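Only one structure is covered here, and it is reproduced in the block below.
Throughout, read-outs are computed from the coordinates displayed, never taken from laboratory work. No experiment lies behind these values; they were computed from the predicted model shown. Counting neighbours? That spans all protein chains shown, and the Cβs are built from the backbone with ideal geometry, glycine included.
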Amino acid sequence: MKVVYTCFCTDVIHEGHLNIIAAAKKYGDVIVGVLSDEAAIRFNRFPSVSFQERLAMVRQIKGVRDVVVQKDIMYDEIIHTLKPDYVIHGDNWLEEPMKSIRENVAGLLSEYGGTIIDIPYTYNENVKHADAKIRERLAMPEYRRKRLRQLLNLRPIVKAIEVHSGLTGLIAEKTVVEHDGELDQFDAMWISSLCDSTAKGKPDIELVDMTSRFRTIDDVMEVTTKPVIFDGDTGGLIEHFVYTVRSLERMGVSAVIVEDKVGLKKNSLFGNDVQQIQDSIEHFCAKLSAGKKVQLTDDFMIIARIESLILEKGLDDALRRAEAYVAAGADGIMIHSRCKDPMEILAFCDAFRKNNIVTPLVVVPTSFNMITEAELAAHGVNVVIYANQLTRSAFPAMQKTAEDILRYHRAMEVDSRLMPIKEIITLIDEL
Ligand code: SPV
Ligand code: MG
């Protein structure tokens, strides 16, 4: 008997999958691979059921001879092991970003004369409904909140990008790229105080109040499923911070990052060019402990942000604070720097990791932007936040368009750089 292989990356079996199995059976014995969690989250949604449940679900399909684990998105290992005569897949993999997977399979099969079978991808009302149900489930607070902790266990480094609206949320949610034969996407979203304020034309000084910041979170959450890390600025008064923690946790936010500053907060990237006051270790620890005390689930994280390097207080001060904040209950440490050279941040990470290998480390490489994710991970960093790049790329593009319309007294000259209306409409999902 010939062997036909297909790989499933799904939380429910619907008629689309059964169509694939029915078509596959005509060619030989069917083996189905179930994609591991680690691989699935590189380009697909976070699984809403466990890997074991997905295996069991596929094992129940009639007509499947064998069920195996596929550990990578690309098929190298599985094809070398199984040497299938055929690999069958829905024809949706003829398009980006999955095209590169098909190319990978074609190359591997050509080594020994195997064949690809593309069958029409099934997309009807039932499939659409099943898909929407998974998305809705992933967006529910109880599923979304714990996702950051889950990702910290699954990803070598969790990648978050700044969002401040439904539209930027959709970009974070849906952007998947293929590069050098690998597929990748963002894991999480950062609700930046800088960009949330900037979008409202306001300075980043805790002027945009919590009610408004929560509205932004809600706009983002309405159209996304990925976990949210909230920039909580200083957290305000301890008496207020505890309410913020409760609200964020209830909304399904995964983490709040609070910085150890008091008084009028200014953006860290100003450093000592403006007056900024660092909190005392004792007072900031009291804030962290108070927050930890009121949270109701084990999912929610309170991450302490250390401003010692920003305020030029030195590495020892930063390390002393990190130790104290962890002892006070912080679930993670964010270390910030505005040096262009990443050495300052890396020195902190290396020193911190000498005595602590478990507490997640977060960095925001806006100034030290030449460092790669892999290099940061090698120094013990767990979360990288691209904190403002979407806002900083959109603003000049909008400004240039406005200038050119004024310059030419019509819109024709700008049109070639605009997204077609048809495309912008398809960005938005309809129920
Ligand atoms: C933000 O994005 O608002 C931050 C990061 O707090 S930074 O602007 O670098 O201080
Ligand atoms: Mg901020």
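Taking 0.36 nm per residue of sequence separation and subtracting the Cα-Cα distance, how much length would be gained by fully extending the chain between residue 215 and residue 55, in nm to one decimal?
Details: separation 160, 0.36 × 160 = 57.60 nm, distance 3.93 nm.
Fully extending the segment from residue 215 to residue 55 adds 53.7 nm.
Using the rule -39500 (n - 2.57) for each DSSP H run of four or more residues, divided by the residues of the chain, the 222 nm mean residue ellipticity is -13000 deg cm²/dmol. GNM on the chain, C-alpha springs below 10 Å: top fluctuator among 99, 400, 287? Largest GNM mean-square fluctuation: 400.
Take every pair of alpha-carbon atoms less than 8 Å apart whose residues are at least six positions apart; their mean separation over the length of the chain yields a relative contact order of 12 percent.
Under the simplified labelling scheme, the residue 182-residue 430 pair shows an inter-label distance of 3.9 nm, with each label point 7 Å from Cα along Cα→Cβ.
DSSP loop GluC sites (Glu not before Pro) in region 67-112 with at most 16 other Cβ atoms within 10 Å of their Cβ, which ones?
On the way: sites: 77, 95, 103, 111; in loops: 95, 111.
Sparse-neighbourhood loop GluC sites (Glu not before Pro): 95, 111.
Springs join every pair of Cα atoms under 10 Å in this Gaussian network model of the chain, and among 370, 419, 301 the largest mean-square fluctuation is at 419.
How much length is gained if the chain between residue 374 and residue 167 is pulled fully straight, taking 0.36 nm per residue apart and subtracting their Cα-Cα distance, in nm to one decimal? Residue separation times 0.36 nm, minus the Cα-Cα distance, leaves 71.6 nm.
Taking amide H positions as modeled 1.01 Å from N, with prolines and chain starts lacking one, the residues under 5 Å from residue 190 and 5 or more places away or on another chain are 161, 162, 163, 229. Distant-in-sequence amide contacts of residue 234, defined by a placed amide H-H separation under 5 Å and a gap of 5 or more residues or a different chain, comprise 259. Among 90, 332, 291, which one shows the biggest mean-square fluctuation in a GNM of the chain, springs joining Cα atoms closer than 10 Å? With Cα springs under 10 Å in the chain, the top fluctuation among 90, 332, 291 is at 90.
Counting Lys +1, Arg +1, Asp -1, Glu -1, what net charge surrounds residue 160 among other residues with beta carbon under 13 Å of its beta carbon? Here the count lands on -1. The local environment of residue 22, defined by Cβ-Cβ distances under 12 Å, has a net charge of +2 under the rule Lys, Arg +1 and Asp, Glu -1.
Database remark: amide H of residue 70 closer than 5 angstrom to the amide H of 34, 35, 36 (H placed geometrically; neighbours at sequence offset of 5 or more, or on other chains; Pro and chain starts carry no H).
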